[in-house]
1. Run the quick spin-label model on Ala85 and Ile26: label points 7 Å from Cα toward the beta carbon, then report their separation in nm to one decimal.
2. Which length gain, in nm to one decimal place, applies between Trp113 and Val129 when the Cα-Cα distance is subtracted from 0.36 nm times their residue separation?
3. Can you give the accessible area per residue of the chain, in Å², using a 1.4 Å probe?
4. With an 8 Å cut-off on Cα pairs and a minimum separation of 6 or more residues, tell me the relative contact order of the chain in percent.
5. Over 18 Å, how big is the tail of the calculated P(r) for the chain, in percent of all Cα pairs?
6. Below 8 Å between Cα atoms, with a sequence gap of 6+, how large is the relative contact order for the range 80-166 in percent?
7. Once neighbouring chains are kept in place and the probe is 1.4 Å, which whole percent of the accessible area of the chain is contributed by carbon and sulfur?
Amino acid sequence: MPQPAPPHSPRRLTAEVDGTFAVFLIGMRINQPWKVWAWLPVVLAMPKMLRELGERPDLGLLATQMQGGLLVQYWRDVQSLNAYARSRDHAHLPAWREFNHRARRARGAVGIWHETYVVGPGQYETVYVDMPRYGLGRAGRLVEAGGHRQSAEGRLRGGPADARPA
């Protein structure tokens, strides 16, 4: 994973990621808070998975960030995400099976959702002003948002990847 940026960067930056990548959004909703036995294992399973992914960059997770009750993950590609989700050798599949078992018994106590987006070059743009490394900037490299990168339109149009890293 990329090195952490200083807590505050006063420059105007944008993020660049080589090639196609996947954005995975996942969230949980506690519908019946009194059924702690149904939702607490879901809450406790995610940090274990994130630790495992952080220790194993070869699995394909580029960066992750919690946004309230939403977890945003940036993956090298959708194949890596799916391989991790289906692997019997990693933390996700046993946690998913346990969730399904508990969810069936608890009927509506907790809901989970996810969305996956595959993003290619020229299909995203970012800007960070007076921000620490954030969002896609945690997954890619940060570069000065000058020249053709000055506007959202220019960042979407792309250009030479010879920008000096921030």
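The values are calculated or read from the model by the stated rules, or taken from the named source; none is laboratory data. None of these values were measured; they are calculated from a predicted model. Quick reminder, even Gly has a Cβ in these numbers, built from the backbone with ideal geometry, and neighbours come from all protein chains shown. When the accessible area is computed, the model is the full protein with side chains, heavy atoms only, and any ligands, DNA or RNA have been set aside. Shrake-Rupley method; radii C 1.70, N 1.55, O 1.52, S 1.80 Å.
1. It works out to 0.9 nm between the two label points.
2. Details: separation 16, 0.36 × 16 = 5.76 nm, distance 3.11 nm.
My answer for the length gained is 2.7 nm.
3. Values: 9740 Å² over 166 residues.
Accessible surface, normalised per residue, equals 59 Å².
4. On the way: 276 pairs, mean separation 68.3, N = 166.
Here the relative contact order equals 41 percent.
5. On the way: 8752 of 13695 pairs.
Here the tail beyond 18 Å accounts for 64 percent of pairs.
6. Numbers: 44 pairs, mean separation 18.8, N = 87.
22 percent.
7. Values: 5480 of 9740 Å².
Using a 1.4 Å probe with all protein chains present, the chain comes out at 56 percent carbon and sulfur.
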